[in-house]
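The values are calculated or read from the model by the stated rules, or taken from the named source; none is laboratory data. What you see is a predicted model, and the numbers here were worked out from it, not measured in a lab. Glycine also receives a Cβ, built like all others from the backbone with ideal geometry; neighbour counts cover every protein chain displayed.
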């Protein structure tokens, strides 16, 4: 670590945080908005799953369900409040390679 030059203010070199500067850090807000879509998914084993997906679950928000499936980097589709057989309000993680079709409900 370098020593501060003669006359240099130690506070600046150590990076002290002033409350007045707190507005600078608002861009680092970790809140992720949700853009929910209700969909029905059929998998290769014949399962039919209905539930919600979040279009903003990727690092880049998506506008359409098809964008999430085709352009999304994640290999898995996460559904919540899902119904699968007798199970209701479940969270289901589906490998995208096992999806036969997806239909958006209105």
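The rows are residues; the columns are (1) at pLDDT 95 or above; (2) surrounded by 13 or more Cβ atoms within 10 Å (Cβ to Cβ); (3) assigned to a loop (DSSP other than H, G, I, E, B).
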| position | (1), (2), (3) |
| --- | --- |
| 40 | yes, yes, no |
| 56 | no, yes, yes |
| 61 | no, yes, yes |
| 97 | yes, no, no |
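With (1) in a helix (DSSP H, G or I); (2) at pLDDT 85 or above; (3) more than 14 Å from the chain's Cα centre (by Cα) as the list, and residue 25 as the residue in question, which single condition is left unmet?
(2)
Which residues, counting only those in the range 73-87, are surrounded by 15 or more Cβ atoms within 10 Å (Cβ to Cβ) and closer than 17 Å to residue 100 by Cα?
77, 78, 79, 84
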